[in-house]
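Data first, discussion second: the structure below is written as structure tokens.
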Amino acid sequence: MWNMEDPVVISGFDMDRAGTINALVNEPAGTFICRFSMSQPGCLVLTCKVGPTHPRADAMGLVHAIIKV
């Protein structure tokens with residue numbers, strides 16, 4: 001997890017979507033996590049806290065993007 005105000009690195013790329021949501025829900029906008037995708041092997045997922053007004057945000061104010069590597 002990276003937060004510009006208080007950078008923190010969390011090891012453990014085996015975090016699932018629920019764990020990612022729990023880790024980001026109370027963080028400020030701009031905080032993000034990059035993890036391995038559980039549903040699409042060989043891909044990464046970048047999840048960023050953007051706030052509820054972002055056009056692509058889910059109900060928690062998060063945007064999830066699949067990165068094919």
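Selection within the range 53-69: residues that are closer than 16 Å to N22 by Cα and assigned to a loop (DSSP other than H, G, I, E, B). The member of this set that is farthest from the chain's Cα centre (by Cα) is A59. So which residues in the range 1-45 are among the acidic types (D, E) and at pLDDT below 75? Residues satisfying the conditions are E5, D6.
Would you mind stating whether A57 is surrounded by 15 or more Cβ atoms within 10 Å (Cβ to Cβ) and at pLDDT 90 or above? When the stated conditions are applied, A57 passes them.
Taken together, the residues in the range 32-52 that are part of a strand (DSSP E or B) and open to solvent by 40 Å² or more (accessible area, probe 1.4 Å) amount to 4.
The values are calculated or read from the model by the stated rules, or taken from the named source; none is laboratory data. This structure is a prediction, so every number in the text was calculated from the model and none was measured. Neighbour counts are summed over all protein chains in view; Cβ atoms, including those assigned to glycine, are modelled from backbone coordinates with ideal geometry. For the accessible areas, the whole protein counts, side chains as well, though only heavy atoms, and no ligand, DNA or RNA atoms are used. Shrake-Rupley method; radii C 1.70, N 1.55, O 1.52, S 1.80 Å.
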